[in-house]
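Inspection log for the structure reproduced underneath, given as structure tokens.
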Amino acid sequence: MARYKCILSYDGTNYMGFQIQEDNPTIEFEIKKAIKKMLNLEVKIYASGRTDRYVHAINQVFHFDIALNVSPMGIKKGLNSFLPKDIHIKNVEIVGEEFHSRFSVKEKEYRYYINVGEYNPLTINYAPNITYLNYDLMKDAIKLFEGTHDFKGFASASIDPRKDTNKTIYKAECNKRGDYLEFIFVGNGFLKYQIRRMMGLLIDIGRGFEKKEKILDVLERKDPSISHKVADGCGLYLYDVRY
């Protein structure tokens with residue numbers, strides 16, 4: 001039995017997220033369908049984590065096990081020949097059985113992009129257009145997310161109550177990239193909707209609707225109902241997964 005670690009990128013515009021859902025297009029469904037066509041096998045795949053509806057990935061990771069002798073390059077070329085053009089396998093390697101795409105993760109990096117310039121129909125599915133944001137306020141406020149906190153207030157309201165909501169964010173920063181603002185979050189893991197809820201509040205801070213102290217209030221009260229809107233998924237990218 002061989003374990004294959006795969007790194008892939010995808011455009012999430014046409015998908016309802018990574019995880020398989022009944023009657024909805026998902027990244028996982030397309031991958032499993034491609035494996036079935038290539039190897040004539042029903043294979044269970046294990047991803048580093050799930051991405052939400054419309055969220056993109058630069059370096060998502062998954063693994064699967066098969067009792068066949070196929071080269072990593074053969075897996076890469078074969079899967080890419082069956083996958084749609086908005087999903088691409090970037091690298092494949094054989095790893096030991098101690099490796100697990102989800103449980104072996106040390107760090108994840110997400111990035112969020114906002115177009116603060118002229119509306120651009122060519123990029124609207126990849127960065128929401130939000131103008132009149134105060135960059136300095138957002139750059140200052142985002143630092144409050146760094147460190148180890150209970151992020152329950154920034155998670156999905158439907159999160160499993162048994163789930164550990166304490167997470168560590170090693171880096172949170174905001175940068176100007178021409179007409180775009182880039183937000184970088186590096187942590188040991190993230191909860192469902194966590195980054196999108198954090199971005200929703202940061203956007204309101206940038207608009208002057210909230211003060212940065214609201215971040216501390218949400219962290220302290222641990223109530224998702226006060227953490228404001230969930231920012232658009234189209235601006236979020238799973239940028240890297242580190243082991």
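Just so it is clear, none of the values below were taken in a lab; they were calculated from the coordinates. Predicted model, so just to flag it, every value in this text is computed and none were measured. Here Cβ is always computed from backbone atoms with ideal geometry, including for glycine, and neighbour counts include all displayed protein chains.
Take the convex hull of the alpha carbons in the range 36-92; its mean projected area over all directions comes to 4.3 nm². Note on the range 27-171: dipole from Cβ charges, positive end direction compared against A67, A127, F99; the farthest Cα belongs to A67. Please say if the range 175-226 is rounded, prolate or oblate, where rounded means a/c under 1.5 for a ≥ b ≥ c the square roots of the C-alpha gyration tensor eigenvalues, and otherwise the choice is prolate for a/b larger than b/c and oblate otherwise? The shape class here is oblate. For the range 1-83, the dipole from Cβ point charges (+1 on Lys and Arg, -1 on Asp and Glu) about the Cα centre works out to 340 debye, to the nearest 20. Karplus-derived 3J(HN,Hα) values for the range 150-156, using 6.51 cos²θ - 1.76 cosθ + 1.60 with θ = phi - 60°, are 8, 9, 4, x, 10, 9, 4 Hz; glycine and proline are entered as x.
Neighbours of N129, meaning other residues whose beta-carbon lies under 11 angstrom from its beta-carbon, give a summed charge of -3 when Lys and Arg score +1 and Asp and Glu score -1. Mean projection of the Cα convex hull over all viewing directions, computed for the range 137-228: 5.6 nm².
Applying a 10 Å radius around every beta-carbon, put 180-191, 99-110 in order of their mean neighbour count, most first.
My ranking of the peptides, most packed first, is 180-191, 99-110.
Restriction of the trypsin sites (Lys or Arg not before Pro) in the range 9-79 to DSSP coil positions whose beta-carbon has at most 11 other beta-carbons within 10 angstrom yields K44.
Here the range 195-240 is treated with +1 on each Lys and Arg Cβ and -1 on each Asp and Glu Cβ, and its dipole about the Cα centre works out to around 80 debye.
Derived scalar couplings between HN and Hα for the range 3-14 equal 10, 10, 9, 10, 10, 9, 10, 7, 8, x, 3, 9 Hz in order, rounded to whole Hz, by the Karplus curve 6.51 cos²θ - 1.76 cosθ + 1.60 (θ = phi - 60°), x for Gly and Pro.
Normalised by residue count, the chain yields a Cα convex hull volume of 131 Å³ per residue.
Other residues within the sphere of radius under 11 Å centred on the Cβ of V241, judged by their own Cβ, net out at +2 (K and R +1, D and E -1).
Charge tally for G96 (other residues, Cβ to Cβ under 14 Å; Lys, Arg +1; Asp, Glu -1): -2. Sort the range 1-119 into rounded, prolate or oblate with this rule: let a ≥ b ≥ c be the square roots of the eigenvalues of the Cα gyration tensor; rounded if a/c is under 1.5, and if a/c is not under 1.5, prolate when a/b is larger than b/c, oblate otherwise. Prolate, because a/c is 1.5 or more and a/b exceeds b/c. For the range 9-72, the fraction of C-alpha pairs more than 16 angstrom apart is 46%. Past 22 Å, Cα to Cα: identify those pairs from K5/K33; K5/K108; K32/K77, in the order given. Long pairs (Cα-Cα over 22 Å): none in the table. In terms of its C-alpha gyration tensor, the range 53-156 has an oblate overall shape, because the principal axis ratio a/c (a ≥ b ≥ c, square roots of the eigenvalues) is not below 1.5 and a/b does not outweigh b/c. Each Lys and Arg contributes +1 and each Asp and Glu -1, all at the Cβ; summed about the Cα centre of the chain, the dipole is approximately 340 debye.
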